[in-house]
1. For segment 301-320, which positions are of a type outside the set (A, V, I, L, M) and under 15 Å from VAL286 (Cβ atoms)?
2. Based on this model, can you work out whether GLY404 counts as closer than 28 Å to GLN98 by Cβ and touching a His at 6+ places or on another chain (Cβ under 9 Å)?
3. Mind checking which residues of segment 24-49 are part of a helix (DSSP H, G or I) and either charged (D, E, K, R) or buried (at least 18 other Cβ atoms within 10 Å of the Cβ) (or both)?
4. Just to be sure I understand, how many residues within segment 255-275 are free of Cβ contacts under 8 Å to residues at least 40 places away in the same chain and near the ligand (Cβ under 8 Å from one of its atoms)?
5. Just one of the numbered conditions (1) over 30 Å from MET394 (Cα atoms); (2) among the basic types (Lys, Arg); (3) in contact (Cβ under 8 Å) with a residue 24 or more places away in the chain is not true of ARG347; which one?
6. Considering only segment 279-298, state which residues are part of a strand (DSSP E or B), within 10 Å of the ligand (Cβ to nearest atom) and of a type in the set (D, E, K, R).
7. Within segment 412-427, can you find the residues that are buried (at least 18 other Cβ atoms within 10 Å of the Cβ), more than 8 Å from the ligand (Cβ to nearest atom) and more than 13 Å from the chain's Cα centre (by Cα)?
8. Which residue is nearest to ALA17 (Cα to Cα), if the candidates are limited to segment 70-81 and must be of a type outside the set (Val, Ile, Thr) and buried (at least 24 other Cβ atoms within 10 Å of the Cβ)?
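The values are calculated or read from the model by the stated rules, or taken from the named source; none is laboratory data. Model, not experiment: these values are computed from the prediction. Here Cβ is always computed from backbone atoms with ideal geometry, including for glycine, and neighbour counts include all displayed protein chains.
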Amino acid sequence: MPKIIIIGGGIAGLAAAVHLKAGAKAHGKTVEVLVLEKNTRTGGKILTERVNDLLLEGGPDSFLPEKVWTVNLARHLGLDKELLPSNDEFKGTFIYSQNELHPLPEGVMLMVPTMFMPLAKSKLITWPGKLRMGMELFVPRRKTREDESLASFVTRRLGRECLEKIAEPLVAGIHTSNPDNMSVLSTFPRFVDMELKSRSLVLGMIAAMKNRPLATLSGPPPKPGAPRMTYFMSFKNGMDTLSRACTEFIGPHSLRLNAAVKALEPKSSGYLVHLNDGARLEADHVMIAAPAYDAAEMIKGFDSNLAGQLNRIEWSSSATVSILFRREDVTVPLRGFGFIVPRVEGRRINAATYSSIKWSHRSPDDSVMIRVFVGGGHHEELVHDLDDPAMIKMVLEELDVVLGLKAEAKFAKVYRWFRGMPKYTVGHLDRMTVLDRTLASYPDIHLIGCSYKGIGIGDCVHQAQVASERILQG
Ligand SMILES: Cc1cc2nc3c(=O)[nH]c(=O)nc-3n(C[C@H](O)[C@H](O)[C@H](O)COP(=O)(O)OP(=O)(O)OC[C@H]3O[C@@H](n4cnc5c(N)ncnc54)[C@H](O)[C@@H]3O)c2cc1C
């Protein structure tokens, strides 16, 4: 019976364990699976906390159901009825520009305009900027699928103003990255393909919307009574519903907490896994679901070249600050789900989500909870430099500037993510190809998780399933 050790109990490691256990049954095989997690809890960056009657998300607050793997995993774990759609009656994104909040013009998909009138009427973009965006229809296509920075791609196709006011805060913001060195090919390959296929992103996006399949989800069908799907989905009791359900599914015998892995040692067949506490465990396969820089530490003893490749992946640090106000104290309008702040505005926060408006079950009805993002693509030093009281004070000052909100915070909590998000910089895909080639010499080591082929929860679950399937079919 092959023994598989999974290092890291974040969503990638947990999804792999679920898939291995469930998949082995389906393949009529037996496998021994053990997840080693250095912390006292599973979930990794999925961190939901309950404080009195508040539900706080320190890390991700949602997932994209378009990436079907998360929904399929949730359904497999019997979580259909736990899924939570966003309150789309309040939907909308606002962009802070020149002392005002402007709605993202209707029809702008990520950064590509698909409707003329809303863009024409918008006060967010100047007339020269709008004309430049319209000129996209006539910009010739590039002939090759070469990588370039998001900044270069957007400026070339849609102009500088679209980059600074829409693409940077919206598109680079998702990756907490700087558009000047963020790889468009590894983060939004769809745009590159659209240019190659349709020449114009505007035409390509309109065609894609027309041809969008009605049912985007594959896998097990929804149970009767399961909620409708919105663009972003969460869970009624928070994102850790998913990680807790995975943990329960794999069972206590397949999980060891407080188990930090120090190093791997290749044997004639399989590996010895050395733990910080001196324990040594044998494995036929090792799946490393810890960040690439932790994987590098485990590997450097027997392959410094591979460790070097892992260490070339750069990371950004960010913080989320959840702040609670009394509803009656919030006398300014909170429109949409929140706002984003372009880097050119020089503010100290990147974005804010009105958590208790976007989602139900987050705070009592007589309150409003706002979650603010700091660091990442801009002013990353604040994540290191400000202690919690200073960070909260700064966030309140910024909410006053952006919204005119002068209310007193009834509660606030800061979550910091040092080296929390990998930056997929230009050339990332090429580096992944080199990494895959190096890994071909180690068929029993499998690297999964946000460091490599997608940062979203759906991407992590997908990588976990692909790697598990490879083991099961091997
Ligand atoms: C603030 C923030 C907001 C986000 N929002 C969203 C969102 O809304 N939607 C979305 O889809 N994605 C979001 N993401 C991204 C997403 O949450 C992460 O990419 C994903 O959860 C990463 O999962 P993972 O399993 O790859 O890594 P992790 O969650 O980092 O898990 C890795 C695990 O490995 C363990 N580990 C590390 N070293 C060792 C060792 N030596 N021995 C044993 N264990 C070890 C760690 O303790 C950790 O538990 C967000 C990320 C952040 C930081």
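1. Selection gives GLY301, PHE302, ASP303.
2. Taking the combined requirement at face value, the residue does not satisfy it.
3. Those that are part of a helix (DSSP H, G or I) and either charged (D, E, K, R) or buried (at least 18 other Cβ atoms within 10 Å of the Cβ) (or both): ALA24, LYS25.
4. Final tally of qualifying residues: 1.
5. (1)
6. Matches in segment 279-298: none.
7. Scanning segment 412-427 gives ALA412, VAL414, ARG416, THR425, VAL426.
8. So the residue we want is LEU73.
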